[in-house]
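Here's the structure we're looking at; comments come further down.
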Amino acid sequence: MANNDNKLRCRTVYAFAREMYPKTVKCDISYGTAGFRTRATDLEYVMYRMGLLAVLRARFKKAVIGVMITASHNPEPDNGVKLVDPMGEMLEQSWEKWATKLANVTDDKLENVINDIIKLHDIQNMNDRPEIVVGKDTRPSSPSLSKAVIDGILAMGGKPIDYGIVTTPQLHYFVACKNTHRAYGEPTEEGYYRKLTDAFKKVRGDNFNNGNYTNRILYDGANGVGAKKIKFFKEGLAGSLIIDMYNDEIIGSGKLNYLCGADFVKSQQKFPTGLPQIPNTRCCSVDGDADRLIYYYLDENQKFHLLDGDRIATLIAGFFKEVLEKTGIRLNLGLVQTAYANGASTTYITKELKIPVACVPTGVKWLHHKALEYDVGVYFEANGHGTVVFKNEAKEKLRNAFQTNNLTREQKDATSRLIHIIDIINETVGDAIADLLLVETILHAKGWDVRQWEETYTDLPNRLLKVSVQDRTVITTTDAERKCVTPKGLQEEIDNIVAKYPKGRSFVRPSGTEDVIRIYAEAVTRRECDKLAAEVAGKVHELAGGTGNPPEIPN
Ligand code: G16
C-alpha cells in the first residue's frame, strides 16, 4: 500500500490480526473444492483474512462480493468459508491461490501478501468502500467466525452487509441480485422466496395434482438451515405443494447432518432417521447448507430406492429437451456430470435422450463453467449438487419469440412455460430448495409418481467409501479425476482389480472438503460392486498411507 491512508489501513489490518485473530495453526490449509474447510476451532484467523481478501476482490472487480460461512455436509464441529464472485459464481480459480497464500502467511507478513495482491492486480481504488455480503449456516461456531469475517472487512475498509443465517444458495442469489442492480431479483430473503414460489405457482396452475403425481412430499431438513428456511417456502406455496418437514432440531443439538441429510442418504444409501417410513412415498433430503438435494423412497417391502443427482439431471434434461422441441426455438442443450455419475445414467442420456454429455472434475465451479458453454446447460453431481444455466441470449431469444405473433398455440404455451420455469431455478449455484420446486414441477407436468421416474433407467449398483490417510495430497489425479497419477503404481493396481469385474468401474481421488480419500465403484451386481469397492479401498489404504482400519461396507 503506497500512500499514507493505505499505510494506516495496513496498520489496522496488522493490529487486528495480532491482537484478535493471530495465526494459531502451524500447518498450511488450502482453498479446496468449496473454499477452506476444517475444524471450526482452527478457523478464526482464516475467516478474518478472507474478510480482507473479499474487500480486495470487490475493489478489483468493482462489484459486490459474497462470503459464506459453512461446512455444508461436514459434521457439526467443522466449519468453512468460501468467497462468492459477482454473478453468484464460485471464486475465480486464479484467486484461489491468493486465498491460500493469505490464509497461510505469518501475521507479520500479512501486509506483504496484501501489497502483492494490490500490485499484481493494479488495484487503484483503495479508498472505495465496497459492499461485502456475509451469510452463515446454523453451526454453533458460525456467529463468532462471522464476526471475524466482518472484522476483516472493516479493517480493510469494506462495508459488511450481514444477512445472518441463510442457505448457501440464498447468499449466491443476493450477490447476483446486487450486481445486476436487481434484474436477477430483489436482494432480500423475502424477494428470494417470492421469486421462486410465484413462478412455481404460475406453472402449476390450479390443478395441484396430475395423473399419478400427488402434491405431498416428506422433507428431511438435515437439522440445519434448510429446515429453518423451508417454512417460508411452505407459506409462499400456499398449498400448491405440501411439504411435510422432518429433522428440524435446534441449533447446537449436535444433530446437524447426523444420520440424516443428503450426504448421509447418498453415501450410505440408507433411509435417514427422523422420517416416517410410508411405502412408495416421495421423500427428499437437503444437506447442511441446503445446496444439495436427493430423492428416495421405500417400497412396500421396505426396500430403499435412491434417486440421486444423476436422476435429477436426467429428469430435468429430458424435460427441457421435450419443451424446447415444442417451442420450435433452436437452442442447444447439454448436460455436465463428473466421474461419480452412474454409468447407466450416462448411457441413458447419450443413447436415449440423445443429449450431449461432458465430464469434468468434482466441484461445482468446474461444472458451472462447462455448463455455460451451452445455450441451456444442465449440470449435476451425483451427490445432488446442481442447477440449470441459460445464456442471456437464450433467454432473450425465448422472450422475443414469445412477443411475436409467429408462434402456434402449442409453441406459445411451451415458450411461456419455459420462461416461467427459468424463474423457479437459482442459476447462480446448486440450490436444494429451488431444485426441489423444479423436480416437483416436472413430475407434475408428466403426471408421474416416484416409481415412474425411477423406471426411466436402472442404475448400476454403486458404492462410495472413504479412506482416512495421513496426507490426502499423496493422491493426485488426471482425466477428470478418472485416473490416478500418484502414488506410483496405484492406478495399475486399480486397473488390475477392476478388470476382474464385468462392467466394473472404480476411481479414487482426494476429497477437497474432508481429510479423506474417496473411493467410487460400480459393477453389475451389488455383491460385485461392494467387493470391488472394498478391494480398491484396501489398496488405497496400503499404498497411500491409510490410518486406522480400511473402511467397511455399511450394512
Ligand atoms: C462441495 C462442493 C461440491 C463437491 C462436494 C464434495 O459440496 O461444492 O461440488 O461435490 O463438496 O467434494 P469433495 O468430494 O471434494 O469432498 P458441499 O455441499 O459440501 O459444499
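Annotations for the structure displayed:
- Taking 0.36 nm per residue of sequence separation and removing the Cα-Cα distance, the H181/E542 pair yields an extension gain of 124.5 nm.
- Label point 7 Å beyond Cα of D479 along Cβ direction - residues of region 508-533 with amide nitrogen under 17 Å: 508-510, 520-522
- Lysine pairs in region 436-515 with Cα atoms under 30 Å, if 8 or more residues apart or on separate chains: 8
- From helices alone, the chain scores -12500 deg cm²/dmol at 222 nm; the rule is -39500 (n - 2.57) for each run of n ≥ 4 DSSP H residues, then divide by the residue total.
- The label-point distance for Q411 and T214, in a model that sets each label 7 Å from Cα toward Cβ, rounds to 4.1 nm.
- Cα gyration tensor shape of the chain, rounded if a/c is under 1.5, else prolate or oblate by comparing a/b with b/c: oblate
- Paramagnetic reach from R527 (point 7 Å along Cα→Cβ, amide N under 14 Å) across region 496-516: 502
- Relative contact order for the chain: 12 percent, from Cα pairs under 8 Å spaced at least 6 residues apart, divided by residue count.
- Shape of region 1-87, Cα gyration tensor, a/c cut at 1.5: oblate
- Partner aspartates and glutamates whose Cα lies under 16 Å from the Cα of K391, excluding those fewer than 8 positions away in the same chain, are identified as E89, E373, D375, D423, E427.
- Paramagnetic reach from E92 in region 388-422 [backbone N under 19 Å; point 7 Å along Cα→Cβ]: none
- Nearest-0.05 FRET efficiency for R18 and K62, computed from C-beta distance (R0 35 Å): 0.70
- Region 85-101 versus region 400-434: alpha-carbon centroid distance in Å: 31
- The modelled label-to-label distance between K351 and E373, using points 7 Å beyond Cα along the C-beta direction, is 2.4 nm.
- Shape of region 475-551, Cα gyration tensor, a/c cut at 1.5: prolate
- Net lengthening on full extension, E393/I278 (0.36 nm per residue, minus Cα-Cα): 36.9 nm
- Per residue, the average separation of C-alpha pairs within less than 8 Å and at least 6 apart gives region 114-195 a relative contact order of 27 percent.
- For the pair K7 and Q470, a Förster radius of 41 Å applied to the C-beta separation gives a FRET efficiency near 0.40, rounded to the nearest 0.05.
- If the segment from K503 to Q268 were pulled out straight at 0.36 nm per residue, it would be longer than the present Cα-Cα gap by 82.4 nm.
- Candidate cross-link partners of K101 among the aspartates and glutamates, defined by an alpha-carbon separation under 17 Å and a same-chain spacing of 8 or more, comprise D28, D42, E44, E92, E111, D116.
- FRET efficiency estimate (nearest 0.05) - Cβ-Cβ, N555 to Q452, R0 30 angstrom: 0.55
- For region 401-489, the per residue solvent-accessible surface stands at 44 Å², with DNA, RNA and ligands left out and a 1.4 Å probe.
The values are calculated or read from the model by the stated rules, or taken from the named source; none is laboratory data. All values reported here derive from a predicted model rather than from experimental measurement. In this analysis, Cβ positions are derived from the backbone assuming ideal geometry, glycine residues included, and neighbour counts consider all displayed protein chains. Calculation scope for accessible area: heavy atoms of the full protein, side chains included, ligands and nucleic acids excluded. Shrake-Rupley method; radii C 1.70, N 1.55, O 1.52, S 1.80 Å.
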